[in-house]
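Written out below as structure tokens is the structure these notes cover.
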Amino acid sequence: MTESPYALELRNVSKHFGDIVAVDGIDLQVPQGEFFSLLGPSGCGKTTTLRMIAGFEEPTEGTLLLAGRESNDIPPFRRNTNLVFQSYALFPHMTVFENVAFGPRRARISERDVHKRVMEALETVRMHEYVDRLPRSLSGGQRQRVALARAIVNRPAVLLLDEPLGALDLKLRKEMQLELKRIQREVGICFVYVTHDQEEAMTMSDRLAVMNRGRIEQVGSPEEVYHRPATRFVAEFIGEANLLDGTVEAVEQGAPTRVSVAGDTVTTVASCAGAPCEVGDRVSLVLRPEHLHLHRDRPNGVPAMPGRVVEAIFQGSLIRFVIEGPDRRRLSVLDTTASRDQAAPGDAVWVSWLPEWVHAVVE
Amino acid sequence: MSDAQTPAADHADTPVLGTGYAGKARSRGSFSAFIYLAGPVGVLLLFFAGPLGILALYSFQERSRTGDGSWTISNYVNALRPQYVETALNTLVIAVLSMVLLLVIAYPLAYLLAFKVGRWEVPLLLALALSDELNPLIRIYAWRTVLGRNGLVNTVLTQLRLIDQPLDWLIFTKFAVVVVLTASWLPYAVIPLYAAMKTIDRRVLEAARDLGAGWWTTFRSVVFPLTAAGFLATIVIVFIPIISDFAAPALVGGTSGRMLASVTEDLFLGRGEWGIGSALTFVLLAASGLVVWFSYKLTDLSRLATHR
Amino acid sequence: MTTGSSVALGSTARGRLSLAFRTVFLAFVGFVLFGPVVILAVFSLNDSIILGFPFKGATTSWYVQAFREPNIWASLWTSLKVAAVVTPVSLLLGLTSAIALTRFRFRLRGTITAFVALPLVIPWLVIGVGSLLFFSATDIPLGLFTIGVSHVVIAFPLATALLSAQLYRLEPHLHEAALDLGATEREALRLVVLPLLVPTLAASAIFVFSWSFNNFIVSFFTAGFENTFPIWVFSTLRRARDLPMVNAISTLVSVVQVIVVVGAWQALRRVMDRRGQDIREIVIGS
């Protein structure tokens, strides 16, 4: 058996429950040591995918490889994967130590080694002072850490996390995001993290896959996925996006240079996702709010669109403007340079952008 | 196979405990299940289905001291004799009265336990359970100290000079049987109702109050619909043992409090009329089944009515 | 100011009224459940053969008489023996069926679940009578064995119901977590599921033991010449002369039952509190 560069590989994997297709032919390759996220709305098939990797569901079709080895038929207790459950699933009748020692003890190693490894894992998650406590007496964040220790102590090839921060409050969640990243770097295990929270996925992941209706819409680094969304769904799901629907009028090397949007012609030199664009294609232009600028008068030399300020919302470091363009289309603008005095609700303004920041998505 | 359907929704897709999993074929699941179930199902097939089967068989045969075991429906015809019909009606009256009385007491009691008694909740609940652990025969017989000719009620009423003669309808009558059955089955009536009420979020009640609903509206539109299932459970759990009760009529019923079970016992152990006895037993079984079905329909309807 | 205080006064007055009403109602229920047995206990010390007022002075002679009656002790011993065998057998059958019905997917699961629950909705009288006919048709002599078997048929589905309810309530991922951490099916059962079922098993044991010990109607038909304690009580109640003795032994048995059951509940509650489980769940289950 050859050493695989991938901790996890899915080849055309599907899962059907009766007539329902939960996962529809996905391909995925996750290298060793990567922090990888499966991101998508609820019902998109991400948890089912995770449960197939863990061995709790068997793929209806396709092949699942763990560290290069075909693993479709390997039961969960023989798999080199561990799962951190959303509910933590700590054993309520066992102390923190016994919980974490559960895995190592099943591996039939000496009790001294068990003790050593458990303490190591508990130190990694900074819970070594709570060894004799029962899960009931721990806070949510502490339980979370114990659940993590219970998984990493087994040194799995792939550590699976099913929305592990879902039950925590916002502040603790932010804290744990950084902690998880630190722990992952420290132990060097491949993490596969399931979440519906795009911000969480962006913060922690080396790469992420956006899933929708059982399919993978895009795989890439957080930057790629944010700046070059492959589909309209990805553009809308990741971050905030203004989407302008239009028709391609001119193309250069597969990227649209001019797009007509509701009668106006917009100049772009943007990238285009998916297949190369052709004249006449229906596309959506993705404009991130932070790439838009406000002007009192029509700016020269850049594409722009007239509009009227509907709202100006102070958000601390920046101001969010809601602009209503022609044909009542609304645009969200985050301008760090503009102030509220510059553009008050009711004012007529121009919205401009740099062509190179526009990204087109073929529908 | 209907239970194998797993919803595809992301978080709902984890069935309780037992799922088959990778590498574990369905046939192995069936095999393990067979190992686990062989004992329990075997015991039931032999010693539960067996007796019911024989009972069914005998109800269609000539089975008495003089009978020869030939096929007949005369047992069912005989079961319709006036004296049995009269006892059956008597049984029905007693059962329905006890049932009504039980619900009248159990419903508010369950409500108090679930929402109003605070830290007394667990002790009271355990007291309820405890009363059921006492010997039912002793509990029934002990009612003679309350209802008997020289019992508590008669003594108090005489002392207060409200009556000159002890009331003689307190004991060895239908009345006594109804009282005793109600007392005996109270724990069983309260628990399902209490369980149903516990599923009501206290805040829902407060919200209803907050929206200006009076107690009747709150009850009709919130409490009752949410406890309808508990209501059904109570009727099913309690009516069946009541309609077939033997000890209460035997110990405090006298002749006017006779119920079907006493007749059945007499047919089997006293007169050896196994055929008619079996037929009567099946009538009893059919009656219980009918009540279960009827109360099921009733709760179903009430739920529909309140949801509209 | 005055309006405010009068409103406050009005609401506390109403509060007090409803508290009084509640207290009276609960006292009434308490009397219905325990009153007769308590009065019976008092009369068991009454120096009269008539069960009723007035109280003629205290005596322990009925207890002495009861102690000298060998049939009482024989019947109590029979009941204890039956319950002591019926309880473990029922728990074992209840446990295996509850595990199979909640943990495996297989054909006929729905049907078998209904079949196992069926003895709970069939009148005990019917089961008693049917068993009598069955045993005589199969030439199985009536006695301890037939009493025990007919008890098990009703008692183990009770345990199944209690245990499966608890299995459904358990955190659904605990079993999966155990497998995920490398436990085999058997280890997951032994190390995680069973320990969490212990309180329910204990509660089922209390329940099944009491039920078997107290059962009259099923034993009545399947006992043959054996006398269980309830059968002895039932047959002795027909002899007026022996009633005071019944009062005495009934009081004694009830006192022992209360002590044992309350003690068992307390112990169970302490164990469950430590684990953060709620004893109410188990009471509801029963």
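The values are calculated or read from the model by the stated rules, or taken from the named source; none is laboratory data. Only a predicted model underlies this, so the values are computations on that prediction, with no experimental measurement involved. Here the Cβ positions follow ideal geometry from the backbone for every residue, glycine too, while neighbour counts run over all protein chains shown. Note: areas computed on protein heavy atoms with side chains; ligands, DNA, RNA excluded. Shrake-Rupley method; radii C 1.70, N 1.55, O 1.52, S 1.80 Å.
Near residue A:242, the amide H atoms lying under 5 Å from its own belong to A:287, A:288; only residues 5 or more places off or on other chains count, and H is placed 1.01 Å from N. One chain, two ends: residue A:70 and residue A:240. Fully extended at 0.36 nm per residue, the span grows by 57.3 nm beyond their Cα-Cα distance. Computed over chain C with a Gaussian network model linking Cα atoms closer than 10 Å, the most mobile of C:52, C:224, C:130 is C:52. Between the listed residues B:215, B:295, B:280, the Cα displaced farthest toward the positive end of the dipole of segment B:75-306, a dipole computed from Cβ unit charges relative to the Cα centre, is found at B:215. Using the Cβ-Cβ distance between residue C:22 and residue B:104 with R0 set to 25 Å, the FRET efficiency works out to roughly 0.95.
What's the magnitude of the charge dipole for chain A around its Cα centre, counting Lys and Arg as +1 and Asp and Glu as -1 at the beta-carbon? Answer in Debye, nearest 20.
In debye, rounded to 20, chain A gives about 1300.
In summary, the lysines within cross-link reach of residue A:46, defined as a Cα separation below 19 angstrom excluding same-chain residues under 8 places away, comprise A:15.
Counting only protein heavy atoms and a 1.4 Å probe, the protein assembly as shown has 44 square angstrom of accessible area per residue. Residue A:77 contributes an accessible area of around 40 Å² to the protein surface, as traced by a 1.4 Å probe with all chains present.
Once R0 is set to 22 Å, what does the formula 1/(1 + (r/R0)^6) return for the Cβ-Cβ distance between residue B:77 and residue C:235, expressed as a FRET efficiency to the nearest 0.05?
Numbers: r = 34 Å, r/R0 = 1.55.
About 0.05, to the nearest 0.05.
Note on residue A:116: accessible area is roughly 130 Å² with a 1.4 Å probe, heavy atoms of protein only.
Taking the DSSP beta bridges with both ends in chain A, the antiparallel portion is around 75 percent. What the pair-distance distribution of the protein assembly as shown shows, using all Cα-Cα distances binned every 20 Å from zero, is 11, 32, 29, 18, 8, 1 percent.
For segment A:127-134, putting each phi into the Karplus relation 6.51 cos²θ - 1.76 cosθ + 1.60 with θ = phi - 60° gives couplings of 10, 5, 8, 10, 3, 9, 7, 8 Hz, in residue order, rounded to whole numbers and with x for Gly and Pro. Remark: spin-label model distance residue B:203-residue A:297 equals 5.7 nm, labels positioned 7 Å along the Cα→Cβ axis.
Calculated mean residue ellipticity, 222 nm, chain A: -7000 deg cm²/dmol, from DSSP H runs (n ≥ 4) at -39500 (n - 2.57) each, averaged per residue and rounded to 500. Label sites at residue C:31 and residue A:129, each approximated as a point 7 angstrom past Cα along Cα to Cβ, lie 6.0 nm apart.
Restricting to the protein assembly as shown, compute how many DSSP beta bridges are antiparallel as a %, nearest 5.
Values: 62 of 83 bridges.
If I count the DSSP bridges inside the protein assembly as shown, around 75 percent turn out antiparallel.
Net charge in the neighbourhood of residue A:210 (other residues with Cβ under 13 Å of its Cβ; Lys, Arg +1, Asp, Glu -1) is +2. Largest first, the residues A:189, B:35 sort by 1.4 Å accessible area into B:35, A:189.
Only protein atoms count toward the accessible area here, which uses a 1.4 Å probe; on segment C:101-243, the carbon and sulfur part of that area reaches 66 percent. With each label modelled as a point 7 angstrom along the Cα→C-beta vector, the residue A:178-residue B:221 pair spans 5.0 nm.
Could you calculate the FRET efficiency of residue B:169 with residue C:47 from 1/(1 + (r/R0)^6), where r is the beta carbon distance between them and R0 is 22 Å, rounded to 0.05?
0.15
For segment B:53-148, applying the loop criterion from DSSP together with a ceiling of 13 other beta carbons within 10 Å to the GluC sites (Glu not before Pro) yields no site.
Over chain C, what is the mean sequence separation of C-alpha contacts under 8 Å (at least six apart), divided by residue count, expressed as relative contact order in percent?
Details: 262 pairs, mean separation 81.8, N = 286.
Reported relative contact order: 29 percent.
Were the residues from residue A:252 through residue A:318 laid out at 0.36 nm apart, the gain over their Cα-Cα distance would be 20.2 nm. Please list, in order, the residues from segment C:77-118 whose amide nitrogen is less than 19 Å from a point placed 7 Å along the Cα→Cβ vector of residue C:168. What the label zone holds, given the 19 Å backbone N cut-off, is C:94-118. Buried between B and C is an accessible area of approximately 8800 Å², summed over both sides with a 1.4 Å probe. Summing both sides, the accessible surface hidden between C and A at a 1.4 Å probe radius is close to 2000 Å². In chain A, the portion of solvent-accessible area held by carbon and sulfur atoms comes to 46 percent [1.4 Å probe, whole percent, DNA, RNA and ligands not counted]. Placing +1 on the Cβ of every Lys and Arg and -1 on the Cβ of every Asp and Glu, with no other charges, gives chain C a dipole of roughly 500 debye about its Cα centre. A straight Cα-to-Cα reach below 20 Å connects residue B:198 with the lysines B:116, residues fewer than 8 places away in its own chain not being considered. Against the longest principal axis of chain A, how steep is helix A:111-124, in degrees 0 to 90 to the nearest 10, with axes from Cα atoms? Long axis of A:111-124 versus the principal axis of chain A: about 20 degrees. For the protein assembly as shown, the Cβ-based charge dipole about the Cα centre amounts to some 3220 debye (Lys, Arg positive; Asp, Glu negative; other atoms uncharged).
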